[in-house]
Structures are given as structure tokens and as C-alpha cells.
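Each remark here refers to the structure printed beneath this line.
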Amino acid sequence: MTNTSFLNKIATLLIDNHSDQLSDTVIVLPNKRAKVFLIEAVKNQLSQTVISPEIISIEDFVQHIAGIRSVDAIEQLFEFYEVYLSITPSAQQQSFELFANWAKTLLQDFNEIDRYLLEPSHVLSYLKDIEDIKKWGIEVEDKTQLLENYIDFWKLLPNYYQSLYDHLLAKGIGYQGLIYREAVQNLIHFLNTVPSKQFVFAGFNALNAAEEKIVQELLSVGQAKIYWDADQTFLNDPYHDAGHFLRRFKENWKYYKTHPFEWIVDDFSATKNIQVIGTPKSVGQAKIAGSILEQTIENHPEKSLDKVAVVLGEESLLVPLMYSLPASVGALNITMGYSAKNNPAQILVAKLFKMHTNSLSRNNKGYVLYYKEVLDILTHPLIEPYAKTRELVRLINANNYTFITHQKLLDLNPNPSELFLLLFKKWETGAVPVLETIINLLETLKNNLSNDNEEEKITKAFVFAIFKVINKLITYYSKHQHIDKIETLYAIYKQVIDVAEVSFEGEPLNGLQIMGVLESRVLDFDTVIVTSMNEGKFPAGKSSNSFIPYDVKRELGLPTFKEKDAIYTYHFYHLLQRATNIYLLYNTESEGMDAGEKSRFITQLDVERQPKHTLTQEIYNAVLPDTAYVPMEVPKSAAVMLRLKEIAEQGFSPSALTKYIRNPIDFYFQKILRIREVEEVEESIALNTLGTIIHETLKTLYEPFIGRLISESDLQQCFKQIDVEVLKQFKLVYKEGEIKKGRNLLAFEVAKRNVSNFLKVELESVKKGEQVQIIALEQTYERLLEHPKLPFPVLIKGNVDRIENRDGVIRIIDYKTGKVEKGTVALRSWDDLTLDIKNEKIIQVLAYAYMFEKEAKGVPIEAGIISFKNLKEGFLPFNFKSGKEETKNIEEEILNHYLEQIVLLLSEILDETIPFKEKIN
């Protein structure tokens with residue numbers, strides 16, 4: 001019988017030994033999943049039609065004996081809260097969200113106490129005594145109220161337990177432990193009702209005390225048989241964890257004093273090819289699992305993937321794995337629980353809660369939504385393709401809406417889709433209407449997804465899982481009116497989501513099997529790929545979510561992390577037991593979210609290697625290129641040259657020239673391809689926005705003085721207009737952005753201060769008797785540059801902030817909101833003018849001088865910068881230093897030198913043989 005799958009052996013046994021009474025035989029398996037495979041195994045061995053035996057999971061079987069309906073973790077919490085409120089004085093009652101924090105752990109402890117048939121009052125008063133001893137040394141007068149409350153909590157545990165137990169029992173419902181305890185008490189009565197039934201227990205490993213008692217009772221009265229899948233390699237080794245439970249049962253059960261222990265097999269020692277592969281991060285493991293499957297299909301195209309399983313040591317690997325599967329995989333069967341926390345539909349609902357509850361908390365302003373929360377929802381992958389809100393997103397970004405009133409949002413989207421209305425329906429009427437809105441939303445999302453696409457089918461399962469959770473919440477809220485507060489709804493939702501999960505049920509007999517560790521029980525595969533073989537993941541490690549200390553658990557016979565490890569060890573070795581090709585994947589990273597050292601199971605396989613096992617270990621790393629990054633290079637095609645000619649005709653601005661000097665690739669993207677930066681909401685005023693506001697304010701203030709001398713009274717008048725004018729410009733430039741609060745209020749004050757300081761400097765100079773006449777403000781100038789070295793004439797064109805005549809000298813001024821030092825506009829040599837970006841301000845101001853030269857009609861020209869962060873220096877003119885001589889006036893010689901350099905730069909830009917090369921800083 002070597003290497004026959006365990007379920008095939010059970011099928012053979014049923015047909016050989018129970019064929020005449022199959023309909024009276026009940027097969028009890030560790031989980032529901034194995035049922036389908038067992039039926040298939042029985043079918044394959046039958047030649048005629050027979051009535052199928054009853055096949056049931058152990059949980060359903062125990063429930064059947066007890067006659068009590070099982071309730072899920074969410075319902076347990078709500079029922080427990082009812083009990084808690086009924087036995088706790090109202091002054092001491094906690095809100096549901098506070099209660100849930102400790103109640104979840106307490107329910108797990110109640111569950112364990114019952115499953116192991118311990119005396120609850122003994123265990124729980126034991127815990128109280130431990131806490132009392134801990135606090136023994138504290139004098140009575142030093143005991144604080146907090147400490148008193150803490151001790152009271154432990155005193156109340158037996159009362160909580162008994163009240164909950166009685167409450168649930170009266171309703172005919174229960175958690176798993178309660179059902180197990182009641183089943184043990186009801187067993188004799190149950191057996192009397194089914195005297196002709198024969199029970200076959202198959203494929204078990206660990207049993208809790210209640211299960212042990214039930215099985216042993218059935219064995220002793222001759223109504224049951226039990227068949228283990230015990231490999232002699234583990235059973236005969238007194239220290240091997242995979243045989244931990246089976247050895248104990250074999251030695252301690254009275255039944256085995258007179259009956260053989262069945263079955264002991266020798267499959268693990270058979271020939272196996274084990275490959276251990278380490279790779280960084282979870283995604284690396286998903287990719288490698290995908291490529292192993294691809295190779296498996298290529299090497300054996302005639303074989304189906306029915307005998308191949310991918311076992312995920314960590315559920316969060318499911319989504320990366322889905323994206324890594326080769327197209328040739330075809331049919332898929334996912335059977336595992338997946339935490340609702342990582343579910344995309346849950347993330348959307350959480351974002352909705354965040355947006356609406358935050359809006360409600362801003363109730364002094366009405367129903368106001370924050371733009372980031374709105375955009376988060378509108379750009380969610382379940383929403384974006386269906387909500388038809390692209391124009392709305394554009395409007396929010398373009399107009400700087402930071403906080404949007406509910407009405408304004410509806411006005412901005414005049415033809416809303418049904419989906420949009422459900423997302424942004426006001427939440428003001430209580431929890432049930434809110435939950436009903438979410439239900440409608442989830443139904444709409446479900447209808448948007450098709451069943452033909454595998455990916456959308458999985459997304460549908462995600463949506464449906466949250467649909468079920470919300471539906472349950474509606475049921476509970478309808479029953480428990482006293483917690484119907486919209487403010488606490490999100491907190492309760494978060495508690496509930498913690499205990500919810502997505503269950504995938506696929507077509508079990510067809511295609512590739514993807515499963516969690518527990519779902520692999522009893523099943524056998526030829527090829528097994530196991531992921532997340534790291535300590536803390538596989539096995540799961542020492543985490544213990546319990547109020548019962550480790551030493552107490554050991555003393556009372558409750559399972560600790562050691563037993564949990566033994567369970568994991570059995571599952572792991574059972575996966576390998578009959579497999580021929582085994583791939584064990586682990587994360588090589590020792591730091592980070594999904595890190596950990598290599599699993600001890602891998603080391604154990606290596607150290608205790610069987611003679612017929614070949615074990616290879618390798619590390620897969622991403623292929624690193626020789627060079628970290630190759631700078632981008634774009635050759636100049638005919639289309640690029642055409643665009644360059646177009647720019648030359650329309651005008652090269654000084655900033656375009658300096659952009660090329662800074663990085664030719666940026667010039668290519670912005671000027672040739674005309675790719676603009678993505679428009680986003682500017683929550684805090686950016687420096688360039690602040691600069692625009694100051695520029696525009698000064699332009700408006702000075703416009704009345706164009707063409708005449710400025711007087712003191714003119715400037716005094718300007719001071720009075722600063723506040724109004726800056727506010728006006730803010731509204732024009734910053735649109736709907738918030739400017740009365742926080743950093744933006746500071747920016748607003750900075751803008752006013754900058755304008756005021758500038759006017760003060762101007763007033764001082766006028767008081768000194770300087771004659772200032774404005775020639776132009778924010779005006780565009782242009783001049784055609786023709787040169788033999790250029791392939792065609794180039795128009796130089798730019799916007800000049802201010803041109804004035806000051807005491808008979810024309811001054812061309814460029815405003816800078818940042819800090820500019822004197823040295824920035826000083827030049828010693830013309831040779832490297834266009835090679836270094838530090839000269840960008842010189843290139844700009846001389847370009848303005850060149851454009852204005854003809855209009856100056858021989859009047860001396862100075863060109864320079866006024867820096868708002870360096871106003872005490874006043875006007876910073878361009879100056880050329882040759883030896884000890886310094887020239888400020890821009891004469892013909894200076895412009896000729898300048899043009900020589902600009903022509904060199906332009907000839908490089910316009911040379912079709914020179915590609916655009918990226919500069920790496």
C-alpha cells in the first residue's frame with residue numbers, strides 16, 4: 001500500500017469492510033475540505049451505484065451531538081456585551097469598543113477552558129489568586145482606584161463565564177468550547193439515538209480533551225474505529241514533534257491495550273527531491289512560486305495540476321501570488337481564510353468611515369469633507385473605473401479645494417452616478433441607515449464585477465466578505481439599540497473586522513490547489529510548494545493571545561505554543577509525507593515587516609536527512625545590473641527637430657535655456673514633449689505660488705505709475721492697499737484654498753511683509769531724492785537672434801518683472817522670493833557661462849538686457865535682481881570683473897560676449913547629432 005494517498009486507503013477500507021452498511025457509516029474528518037476528495041476517492045473505486053456514507057467534519061459532528069448552533073466570533077462579541085451590560089452596574093459599564101479589546105481574548109480563554117473540560121471556576125479563581133499574590137506587597141493605603149478596578153476585573157471572571165454560558169445555552173447557541181462541553185455531557189443520550197451507526201474517524205493528529213473523551217467513548221462501546229496517518233519515522237522518534245500527539249494517544253489510550261494502532265506507514269523515507277529556496281521579501285517568493293509552476297507545466301504538459309499544491313505559510317502572500325501565476329495555470333482552487341484587514345473592499349469601507357466620521361466631527365462648519373479623503377475614495381481601484389468622476393478630480397486639483405462642503409461637492413459633479421451618490425450620501429441619521437447605505441454600495445460594486453475574469457471573481461469574493469460583515473452588523477444593531485451611536489460605529493467596525501475573514505471556496509477537484517496550512521490536512525499531493533518558511537510564520541512562534549499564563553496552562557493541561565508548534569510540525573511533515581517534489585521558499589531578509597530567520601523545519605530536514613532524500617539549498621537574488629542606473633539619452637529625430645524649430649519661432653525663454661543647462665532631459669520632457677507636472681491640490685502654499693502672489697501684487701500696486709516719476713505720496717497710498725491687494729491675489733492664484741489657517745496664514749502674512757518691506761526700501765530711495773520712473777511691469781519682450789553658427793534664426797523671448805529709469809540709468813529688475821547673494825550675479829570669465837547652472841540668474845538678466853537694448857536708445861542699462869529675502873542689499877546688478885575693474889553697465893562688448901555663449905548653447909540644443917543626455921546629480 002506504499003505511497004497510496006491516505007483518502008484512497010480510507011475509500012478502500014470503506015468499500016471492503018463497510019460496503020453492506022455504507023449508509024449507516026459516518027466518516028468524521030478534521031475539516032470540511034477533505035470531504036469532497038474522499039467522495040471522489042470512493043467514487044473512483046466503485047463499479048456500481050451505492051448510497052454514499054455520511055461524511056462530516058469533527059466540528060459539525062460535535063455540534064450534532066450537542067444539538068447547539070455555533071455562532072461566529074462577531075455574534076459572540078455582541079452576545080457577550082449583552083451579558084456584560086446585564087451584570088455590570090451602569091456606572092462601571094464600558095463602551096462596546098473598550099469592552100471588545102479585552103472580551104476577544106477572554107472569549108478565547110473561555111473556549112480553551114471548555115474544550116479541555118476544565119473546571120472554569122477553578123481556573124478563573126486561580127487567575128484572580130495569581131493577581132492577588134502579585135499585588136500582595138502593596139499596602140492597603142497605597143492601593144489606587146485603578147488597582148482596585150484591576151483586581152475587581154479578575155474577581156468578576158467566573159461571573160462573566162457563567163452568565164455568558166447560561167445566556168447562550170438558553171438561546172441554543174454557543175462558541176466552540178461550549179458546544180464541546182455540552183457534547184461530552186450529551187454523548188450517552190446521543191448514542192442511544194443512533195444505535196446502528198458506525199463512526200470512522202480518519203486523519204486526525206491533535207485532539208483536545210473533549211474530542212479525546214468523545215472518540216474514546218465511541219471506541220469503548222464498539223461504535224467507532226479511528227485511523228491515523230502516522231509515519232513510522234516520526235512515531236518511533238521520541239523527540240520528533242510530528243509524532244508528539246500520536247505517541248501520547250498510542251501509549252495512553254485504554255483502547256490500544258487490546259487493539260492495534262492503525263495506520264503506521266513508511267512513506268516519508270521514500271525518494272524525495274527537496275529544494276530550499278531563499279529570496280528577499282514576500283513578492284520574491286510569489287514570483288519564484290510562479291516560475292516553479294511554469295517549469296512544472298513545461299516539463300510535464302501531459303499532467304494536470306490536480307496533484308500540485310501551493311501552501312501559503314502567510315495568507316497575505318495570496319494577492320502577490322495571484323499576480324505571479326503563469327497564464328498556463330488555467331483552473332484554480334483557492335481554499336483558505338484571508339484576513340478581512342487586507343481586503344480591498346474593507347480598505348474602501350475604512351476610508352469611507354474615516355471621511356464621513358471626520359466630516360461629522362467638523363459639525364461647527366456643517367458637513368465638510370477633506371479633499372485627501374475624497375480623492376482617496378474616488379481613486380480607489382473598486383471605484384475609479386465606475387464612478388465617472390474624472391472631471392470632479394480635475395476640478396478639485398485645479399481649484400485647490402482643501403475642505404469641500406457636501407453641497408459644493410454635489411454642485412461640482414452635476415450628473416452623478418448612482419455609485420457616487422452612495423459614496424457621498426450624508427451620514428447623520430444613526431448606525432443602521434449608514435450600514436444600509438454601505439450595503440447598497442457593496443451590492444453596486446459587486447454588480448460592476450464580472451464572473452468571467454478570474455481576478456474579478458476573487459475581488460467579488462472580497463466584496464462579498466465585507467457585505468456579510470456589514471449585514472451582520474445591521475442585524476446586531478437592530479437587536480442592540482443602545483449602542484446605536486454613529487460616532488462609535490467605526491470603532492466597532494474595526495473590532496469586528498479583526499475577527500472576520502474572507503473564505504475562498506473553489507472547485508476542489510480541478511486544477512491548481514492554493515491553500516493555507518490548516519486546509520492541507522488529510523490531503524496528499526505529488527508536488528508541494530510551501531512559502532514563508534520563516535520562524536514566526538512557519539511555525540507561527542510564541543505569540544499567545546490569552547490571559548492565562550504559560551505555567552498555569554502547563555499545569556492545567558491547556559495547549560501552549562509548544563503544542564501549537566507540534567501541530568504545525570505534523571501538518572508540515574504530512575505535506576511532505578507522500579510528495580515527490582518539494583519546494584520550500586523563505587525570505588532571506590532578517591529585517592522588515594515580513595522578515596525572520598529561516599524556519600527550523602528546514603534545518604531539521606537537513607540535519608535528519610533521510611538516505612533517499614536529495615536536498616538542495618539556493619538563494620535567489622534579483623539580478624543586479626553592473627551599473628546602478630544608465631542616464632537616459634534621447635536622439636534628435638526629425639520630429640524633435642521640427643519641434644525645436646517651432647520653439648525657435650515662438651521664442652526661447654531664458655528659463656528654457658537654463659532648464660537645458662540644469663538637465664537636458666527635463667528640457668526634452670517639458671519643452672519638446674510638452675509634459676506638464678500633474679496638477680494636485682496645494683494644501684500648503686508652495687514657494688512658486690507665493691512668488692506669483694508677490695509679483696502680481698507689486699504689478700497691481702505700481703501699474704498706476706507707469707510712465708511717470710514715483711512720489712512719496714504714491715508709495716504711502718500703496719501701503720494702505722497691501723492687505724486688500726495681497727488677499728485679492730491669493731484668491732486669484734490659490735483659488736479655493738484655505739488661507740485663514742495654519743501654514744497658509746503664515747504664508748499670507750509673509751507675502752504682506754515682503755511687499756511692505758519692498759515698499760519701505762522704495763520709499764527710502766525716493767526720500768533720498770532718487771528719480772524713479774516705471775517703464776514696464778510684467779511685460780513680454782522678444783528679439784530675433786541670427787548667427788551663422790545657428791541652423792535657423794532663434795527668437796529670444798521672456799517676461800520681465802520690472803523696467804525702470806532710475807536717475808538716468810535703465811534698470812531691468814527680476815524679482816526673486818528666495819535668497820540671492822551679490823556673488824550670484826557677478827562673473828569673472830565668459831568661458832563657462834552656460835556650463836554651470838550657478839550662472840542661471842546671469843543668463844536670465846542678460847537675456848532681458850539683450851531684448852530691451854534697442855528700446856533703450858543708447859541710455860545706459862543695468863540688469864539685476866531684487867531678492868525679497870535679502871532686501872537690505874537692495875538691487876543686485878550684474879557685474880563683470882576683469883582684474884580689478886568692475887563693469888555694471890551692460891555695454892555692447894558685454895552683450896557680444898554673452899551672445900557668443902548663448903549661440904554655443906543654442907547650437908548644441910539645435911544640433912541634430914547631439915542627443916538629449918540626462919544629467920545625474
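Worth pointing out:
- Evaluating residue 24 against the criteria (1) surrounded by fewer than 16 Cβ atoms within 10 Å (Cβ to Cβ); (2) in contact with a Leu (Cβ under 6 Å, 6 or more places away or on another chain) leaves one unmet condition, (2).
- Yes/no for residue 765 being under 19 Å from residue 691 (Cα atoms), at pLDDT 90 or above, small (Gly, Ala, Ser) and out of contact with any Lys or Arg (no Cβ under 7 Å at 6 or more places or on another chain): no
- Count of the range 852-868 residues which are farther than 14 Å from residue 894 by Cα and aliphatic (A, V, I, L, M): 4
- Selected residue (criterion: surrounded by the most Cβ atoms within 10 Å (Cβ to Cβ)) from residues of the range 430-450 that are without any contact (Cβ under 8 Å) to a residue 40 or more places away in the chain and over 13 Å from residue 382 (Cβ atoms): 437
- A single entry from 29, 98 fulfils the requirement of being surrounded by 14 or more Cβ atoms within 10 Å (Cβ to Cβ) and of a type in the set (A, V, I, L, M, F, W, C): 29.
- Test: residue in the range 377-397 that is closer than 26 Å to residue 485 by Cα and touching a strand residue (DSSP E or B) at 6+ places or on another chain (Cβ under 7 Å): no
Here's the yes/no breakdown for (1) under 16 Å from residue 600 (Cβ atoms); (2) modelled with pLDDT of 90 or more; (3) of a type in the set (Ser, Thr, Tyr):
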| residue | (1), (2), (3) |
| --- | --- |
| 531 | no, yes, yes |
| 539 | yes, no, no |
| 544 | no, no, yes |
| 548 | no, yes, no |
| 553 | no, yes, no |
| 556 | no, yes, no |
| 561 | yes, no, no |
| 565 | yes, yes, no |
| 569 | yes, yes, yes |
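Yes/no per residue for (1) at pLDDT below 95; (2) farther than 22 Å from residue 86 by Cβ:
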position	(1), (2)
145	yes, yes
149	yes, no
165	no, no
170	no, no
197	yes, yes
201	no, yes
209	no, yes
213	no, yes
217	no, yes
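- Selection of the range 791-827 for residues being in contact with a Ser or Thr (Cβ under 9 Å, 6 or more places away or on another chain), surrounded by fewer than 17 Cβ atoms within 10 Å (Cβ to Cβ) and not in a strand (DSSP E or B) yields 791, 818, 819, 821.
- Residue 263 being in contact with a strand residue (DSSP E or B) (Cβ under 7 Å, 6 or more places away or on another chain) and either touching a residue at least 12 places away in the same chain (Cβ under 8 Å) or aliphatic (A, V, I, L, M) (or both): yes
- Residues (touching a residue at least 60 places away in the same chain (Cβ under 8 Å), polar (S, T, N, Q) and in a helix (DSSP H, G or I)) located in the range 69-122: 76, 86, 101, 105, 108, 111
- The single residue among 87, 58, 113 that is at pLDDT 90 or above, out of contact with any Cys (no Cβ under 8 Å at 6 or more places or on another chain), in the same structural domain as residue 184 (by TED's automatic domain parsing) and among the β-branched types (Val, Ile, Thr) turns out to be 58.
- Residues in the range 699-753 that are under 30 Å from residue 680 (Cβ atoms), over 38 Å from the mean Cα position of the chain (by Cα) and exposed (fewer than 13 other Cβ atoms within 10 Å of the Cβ): 724, 749.
- The listed residue being acidic (Asp, Glu), in the same structural domain as residue 577 (by TED's automatic domain parsing), in contact (Cβ under 8 Å) with a residue 40 or more places away in the chain and surrounded by fewer than 22 Cβ atoms within 10 Å (Cβ to Cβ), out of 298, 315: 315
Listed here are the residues, each with its yes/no results for (1) at positive phi; (2) in contact with a Pro (Cβ under 9 Å, 6 or more places away or on another chain); (3) basic (Lys, Arg); (4) surrounded by 22 or more Cβ atoms within 10 Å (Cβ to Cβ).
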{"position": "510", "(1), (2), (3), (4)": "no, no, no, no"}
{"position": "517", "(1), (2), (3), (4)": "no, no, no, yes"}
{"position": "520", "(1), (2), (3), (4)": "no, no, no, yes"}
{"position": "531", "(1), (2), (3), (4)": "no, no, no, yes"}
{"position": "535", "(1), (2), (3), (4)": "no, no, no, no"}
{"position": "538", "(1), (2), (3), (4)": "no, no, no, yes"}
{"position": "541", "(1), (2), (3), (4)": "yes, no, no, no"}
{"position": "552", "(1), (2), (3), (4)": "no, no, no, no"}
{"position": "555", "(1), (2), (3), (4)": "no, no, no, no"}
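- Taking every residue in the range 11-30 that is among the polar types (S, T, N, Q) and pairing it with any residue that is assigned to a strand (DSSP E or B), at least 6 positions away or on another chain, the pairs with Cβ-Cβ distances below 7 Å are 21/198; 25/198; 25/200.
- The set of residues in the range 231-255 being outside any helix (DSSP H, G or I) and farther than 30 Å from residue 195 by Cα consists of 231, 236, 237, 238, 239, 240.
- Pairs, first modelled with pLDDT under 90 in the range 815-828, second among the acidic types (Asp, Glu) and surrounded by fewer than 18 Cβ atoms within 10 Å (Cβ to Cβ), C-beta under 7 Å, six or more apart: 822/873
- In the range 277-299, residue farthest from residue 526 (Cα to Cα) [restricted to those that are of a type outside the set (S, T, N, Q) and in a strand (DSSP E or B)]: 278
The values are calculated or read from the model by the stated rules, or taken from the named source; none is laboratory data. Since we're looking at a predicted model, the values are computed, not measured. All Cβ positions, even for glycine, are placed from backbone atoms using ideal geometry, and neighbour counts span all protein chains on display.
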